[in-house]
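Following: one structure in structure tokens, then a few remarks.
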Amino acid sequence: MVRSLVTPVRRLRAAALRAANEQLPETVRQVREGHDVDWRAVPGSGVETEEEIGQLARAFDDMHRQAVRLAVE
């Protein structure tokens, strides 16, 4: 049972760190260089559970896409 909770939390944490430290900075760099960036193509966290952890992951994914959308506009 613990593993079913810990694994998605770890995956979400890794996705958040990857977004903050790699994906968002790279996207901003691409936008500044004039590249066409599609905010709808931002990859999700990969956490697809139905309970609260999954809801949190979907909220994070939405926030990440909106941050990219704002960078593009």
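The values are calculated or read from the model by the stated rules, or taken from the named source; none is laboratory data. Quantities reported herein were computed from a predicted structural model and do not represent experimental measurements. Cβ atoms come from the backbone with ideal geometry, glycine included; neighbour counts cover every protein chain shown. With ligands, DNA and RNA removed, areas are computed over all heavy atoms of the protein, side chains included. Shrake-Rupley method; radii C 1.70, N 1.55, O 1.52, S 1.80 Å.
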The chain - accessible surface per residue (Å², probe 1.4 Å)
72 Å²
Signed unit charges on C-beta, dipole axis of the chain, positive-most listed residue Met1, Ala15, His64
Met1
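Determine the share of the range 1-52's accessible area contributed by carbon and sulfur atoms, expressed in whole percent, with a 1.4 angstrom probe.
About 53 percent, which is the carbon plus sulfur part of the accessible surface.
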Rounding to the nearest 10 and keeping the result within 0 to 90°, find how far the Cα-based axis of helix 52-72 lies from the longest principal axis of the chain.
0 degrees
Dipole of the range 12-63, Cα-centred, from +1 at each Lys and Arg C-beta and -1 at each Asp and Glu C-beta, to the nearest 20 debye?
260 debye
How much of Glu51 can a 1.4 Å solvent probe reach, expressed as accessible area in Å² and rounded to 10?
60 Å²
With just the Cα atoms of the chain, tell me how far they stretch along each of the three principal axes, in Å, largest first.
47, 19, 13
Percentage relative contact order, the chain, counting C-alpha pairs under 8 Å, at least six apart
38 percent
Using a 1.4 angstrom probe on the protein heavy atoms only, could you order Leu5, Leu70 from most to least accessible area?
Leu70, Leu5
Calculated [θ] (222 nm, deg cm²/dmol) that DSSP helices of n ≥ 4 give over the chain, each run adding -39,500 (n - 2.57)
-21500 deg cm²/dmol
Quick one: how many Å² of Arg11 are accessible to a 1.4 Å probe, rounded to 10?
110 Å²
